[in-house]
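To start, the structure under review is shown below, and the notes come after it.
The values are calculated or read from the model by the stated rules, or taken from the named source; none is laboratory data. A quick note: this is a predicted structure, and the numbers were derived from the prediction, not measured. No Cβ is skipped: glycine too gets one built from the backbone with ideal geometry, and neighbour counts run over all protein chains shown.
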Amino acid sequence: MYSFRSPSIRSIAGILSVLLLLLFPFSRTQAQIGLWSEVSFRSIPDQAKPVPELPSLEKGALFQLNISGMQARCAAAPGEFSVAAADATIVSLPLPDGSFQTFQILESPLMEPALAARYPEIKTYLLKGIDDPLARGRMSVSPEECGAYFTSHQFDQEVMIRKVFKDDPFTYLTYWAKDHPEQTVSCMRDNSLD
């Protein structure tokens with residue numbers, strides 16, 4: 001004769017807690033990836049001319065960005081020296097292999113105050129890695145463009161994200177900085193941004 005023991009409330013709560021912890025980061029990352037969608041190189045018209053400062057498009061991955069969605073997400077970012085900096089906004093940025101790296105972003109103005117007042121729609125951000133805690137970088141966002149450079153310690157390389165066409169704020173190339181040495185930017189590899 002078998003006796004059936006019903007699971008205790010404690011064991012059910014423990015299982016639910018583990019499931020929530022596993023699902024929460026996944027859903028947050030999935031929502032962020034929704035800002036970016038990978039596109040095929042074949043979708044670019046033959047007559048389209050990329051901006052001259054880019055490497056060959058085949059050197060990276062092409063993505064479409066919901067630029068207004070990115071601006072809205074970044075608008076919630078606290079200042080890098082504010083008390084709220086511990087509750088930084090989260091964004092995911094694409095890597096050249098098609099995967100994503102997740103960052104906390106903190107508003108970090110780089111323009112002189114008078115220039116920033118003249119162009120309030122242009123914002124700059126400090127990037128601090130979440131899934132790669134040593135990753136650091138910078139990102140700028142405006143209605144016309146988003147650009148980023150950051151380290152990927154997972155791949156031991158710097159990553160660049162640049163707009164592909166001058167008059168198109170939606171199409172971006174993400175590539176390894178080493179693939180375009182003329183434009184290489186050396187990101188900080190220590191924790192000097194902490």
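List the pairs whose first member sits in segment 85-96 and is on the phi < 0 side of the Ramachandran plot, whose second member is buried (at least 21 other Cβ atoms within 10 Å of the Cβ) and assigned to a loop (DSSP other than H, G, I, E, B), and whose Cβ atoms are under 7 Å apart, counting only residues at least 6 apart or on separate chains?
Pairs that qualify, where the first residue is on the phi < 0 side of the Ramachandran plot and the partner is buried (at least 21 other Cβ atoms within 10 Å of the Cβ) and assigned to a loop (DSSP other than H, G, I, E, B), are A88/A77; T89/A77.
Of all residues in segment 57-67, which are out of contact with any His (no Cβ under 8 Å at 6 or more places or on another chain) and surrounded by 12 or more Cβ atoms within 10 Å (Cβ to Cβ)?
Step one: list which residues in segment 57-67 are out of contact with any His (no Cβ under 8 Å at 6 or more places or on another chain), which gives 57-58, 60-67.
If the condition is that a residue be out of contact with any His (no Cβ under 8 Å at 6 or more places or on another chain) and surrounded by 12 or more Cβ atoms within 10 Å (Cβ to Cβ), then L57, G60, A61, L62, F63, Q64, L65, N66, I67 are the ones that fit.
Here are the criteria: (1) modelled with pLDDT of 95 or more; (2) on the phi > 0 side of the Ramachandran plot. Tell me which single one R138 does not satisfy.
The one condition R138 does not meet is (2).
Can you tell me which of (1) among the aliphatic types (A, V, I, L, M); (2) assigned to a helix (DSSP H, G or I); (3) under 24 Å from Q64 (Cβ atoms) is the one A148 doesn't meet?
Here A148 meets the rest and fails (2).
Select, from E112, E38, E144, the only residue that is under 15 Å from Y175 (Cα atoms) and exposed (fewer than 14 other Cβ atoms within 10 Å of the Cβ).
Values: E112 fails: under 15 Å from Y175 (Cα atoms); E144 fails: under 15 Å from Y175 (Cα atoms).
Result: E38 is the single residue among E112, E38, E144 that is under 15 Å from Y175 (Cα atoms) and exposed (fewer than 14 other Cβ atoms within 10 Å of the Cβ).
Of everything in segment 40-68, what is among the hydrophobic types (A, V, I, L, M, F, W, C) and modelled with pLDDT of 80 or more? Give them in sequence order. Full working, then the answer.
Keep residues of segment 40-68 that are among the hydrophobic types (A, V, I, L, M, F, W, C), which gives 41, 44, 48, 51, 54, 57, 61-63, 65, 67.
Those that are among the hydrophobic types (A, V, I, L, M, F, W, C) and modelled with pLDDT of 80 or more: F41, V51, L54, L57, A61, L62, F63, L65, I67.
Among (1) out of contact with any Lys or Arg (no Cβ under 8 Å at 6 or more places or on another chain); (2) under 21 Å from A148 (Cα atoms); (3) modelled with pLDDT of 70 or more, there is one condition Q30 misses while meeting the rest; what is its number?
(3)
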